[in-house]
Every structure is written in structure tokens, then in C-alpha cells.
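For reference, the structure discussed in these notes is given below.
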Amino acid sequence: MENNLLRVQDLSIGIDNEKNREKNKKPLLAVDNINFHVRRGEILGIVGESGCGKSLTSLSIIGLLSNGVKVTNGKIILDGTDLLSLSEPEFRKLKGNEISMIFQEPMTSLNPLMKIGKQVGEVILLHQNKLKKDINEEVFQILTKVGLRNPQESMNAYPHQLSGGMRQRVMIAMAIICKPKLLIADEPTTALDVTIQAQILDLLRNINKEYGTTILFVSHDLGVIKQLCDRVLVMYAGKIAEEGTIGNIFTHPVHEYTKGLLNSIPTQKKKGTRLDCIVGRVPTLEERNTGCAFASRCKAARDICFKEEPIQLDLSMNHSVNCHLADLESEMEYVRI
């Protein structure tokens, strides 16, 4: 059996807006020819600023891209099956059963008019042939598993009657009740306070260990990624800038963008001092030209960075970077956070 549960090959995602259609132009690429894999039982993080393409990548894997956004090239292979080759009914059988997703804001994902118990149980009803009493028992058990103190009371409650942290636990319960092979978590802790955030991260870690669930965790927060993940992809402007283990990325970052993200994290040592920031902004889709997309914001950029797109350089078995400035003899800056 292949060790990689998920393989994303040459994936491009285009946005087809009205202006483009009027001029008969190709869709603007929000994600541009990326490649990565997720090993079985691994927690892989994807990190980057808003607009880097990380959420679109995760939504494409589970087939939830919105109208006007589509995969224009590539393959998404889950356990040997190319998801992009499946019909809608075939894909629907996988959603919630073999692959599931936790969203950032549960209030927009939960049905406000349906009780929690029925919503969680609906996932089993769609994928498994079970009696109502058995479904209710499983719902009770999974709500207990995710840490809801009064699961029976929660089953009879509506979403608005629960706190933000409780709603997020319900979303996790819905996502794992059928024990999927792959769980995608798209910034599931962003709207939560620090204490609840830590509890949710612990819950995801426990799910990974207990069920062997492979997790793809999307975040803009490198601090959260460090707490939870085994490996991380750093994305910028629709491309992968750097990829490596948590140890490699946090102790020996090579790409200037990765270094900038790490140096902008507030720590106890930096208390009272001005945080570093990356000057400029992420280029819009229309502004993405030839060369490295980060060149205009990079302090170390050379002429070649504006003219030629960098190719992937493997620094070690578990560390690669897409940067003209990087080579095997590169001086690697040590960053401790």
C-alpha cells in the first residue's frame, strides 16, 4: 500500500470573472501548478497570507469550489483514486465518509433550524444503513468524544444555543463520525479565543492519534502550525514557496518569505519591541507576471528573480524551496521562536 494517502499533482485553479469572459481570456490562476503529498496518519499544514491560495487548494480537494472557480489542470489522487475523474454522485459518496472538512465559522455551516443531534446523525444516515436508535447512540458517543460536557442536552439544542467553541466541536463531530481517511481543517480555530483554540488543537491531535486520521490543516498562523503539524507547506501567490518538516522550517528557513513570516510572530522575547513586517502586499491575480511572485517584496531579490520563475530545489529529503537565491551552499539563517 502506498504511504501517501493524498497526492496533488500539477494542480492549477482558475477564476473566471466577467471581465475575462468579455475579452475571451483564460481564467486567472489563483493556484498555479502546485505539487504536494500527505502521508497516511500525518498532519500537514498549509500556511500563507490571505489570497495565497491555501483555502482554494483545500476546497478543490473536497470538491467545494464556488461558481466561477474551477480546477483547470492537474490531479487530486486520494488513496489511488483521482477525485477529479469522479462523477458528482460518485464524489458525493466520498464526502463525509472518506474525506470530510471542518470550516472556519460553524454558524455558516450548521443549519440554524435543525437540532444538533439530527445534523450530526444525518452524516451516518447518508452513508450507512443503521437504525435510528443506533444512530442516536453513535451521535451521543461522538459528542462525548469531542468534549461536549452534556451531550444529551447538546443533541436537543439548536446551533445558536451553543457557544462558539461548542459549535466547533459539533463540526468536528460531524466530520469524524464516519471515521474518514482524510480530514481537512480550514482555519478551524481563527474565531476562537486562545484557551478554546488550544483545546481544539488538542482534540485534533487526539483524533489523529486515536483514529489514525490524516489531517490537512490550513492556517495563516505559523504558531498554530508549529503546535500541531508534522510538516508544512508555505504558500505565496498561488505557489509553494517552501516545504519541509516543522523542524526544518522553524530552525532553518530558506525562502525570504518564510523568514518574514517567522520574524513577524510575537514572542515573549520581543515584548515591547516593534515586530518585523513584510513590506508591500500579495500581488493580485492580474499582477502576477513572470519571475518570482515575491520578488517585489524581497529584500534580497536579484535581476533574475524578476525575469525567471524559480524551480524547486531539494535541500534535503524533507526540505525543498522554490527560490533563485537558494542553493546547497546557502547560508541558512537560524530562527528560534
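Bear in mind that the values in this text are calculations on the coordinates, not laboratory data. This structure is a prediction, so every number in the text was calculated from the model and none was measured. As a convention, Cβ positions derive from the backbone with ideal geometry for all residues, glycine included, and neighbour counts pool all protein chains shown.
What the table shows:
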| quantity | calculated |
| --- | --- |
| Positive-end residue, segment 48-188 charge dipole about Cα centroid, Cβ charges, pick of L86, G147, G164 | G147 |
| Considering only segment 4-236, percent of DSSP beta bridges that pair antiparallel, nearest 5 | 50 percent |
| Mean Cβ count within 10 Å, highest first, over the residues of peptides 182-188, 203-209 | 182-188, 203-209 |
| Centre separation in Å (Cα based) which lies between segment 180-237 and segment 38-80 | 15 Å |
| Built amide H within the under 5 Å cut-off of C323, gap 5+ | I311, L313 |
| Cross-link pairs K145/K226; K181/K259; K133/K226; K145/K271 - those with Cα-Cα distance over 31 Å | K181/K259; K133/K226; K145/K271 |
| The chain, helix-only ellipticity at 222 nm - DSSP H runs n ≥ 4, -39,500 (n - 2.57), divided by all residues, nearest 500 | -9000 deg cm²/dmol |
| Peptides 155-166, 225-236 ordered by average Cβ neighbours within 10 Å, highest first | 225-236, 155-166 |
| Fewest-first ranking of D10, D16, using other Cβ atoms within 10 Å as the exposure measure | D10, D16 |
| Footprinting exposure proxy for M171, M107 (fewest neighbouring C-beta atoms within 10 Å first) | M107, M171 |
| Extended-chain gain in nm, criterion 0.36 nm per residue less alpha-carbon gap, Q152 and M107 | 14.2 nm |
| Spacing of the two label points (7 Å from each Cα toward its C-beta) at A191 and C277, in nm | 2.7 nm |
| Kirkwood Rh, angstrom, segment 4-236 [1 / mean 1/r, Cα pairs] | 18.4 Å |
| In segment 1-83, the trypsin sites (Lys or Arg not before Pro) that fall in loop regions by DSSP, at most 14 other Cβ within 10 Å | K23, K25 |
| The chain: DSSP helices with Cα axial extent of at least 24 Å and average Kyte-Doolittle hydropathy no lower than -0.5 | 194-211 |
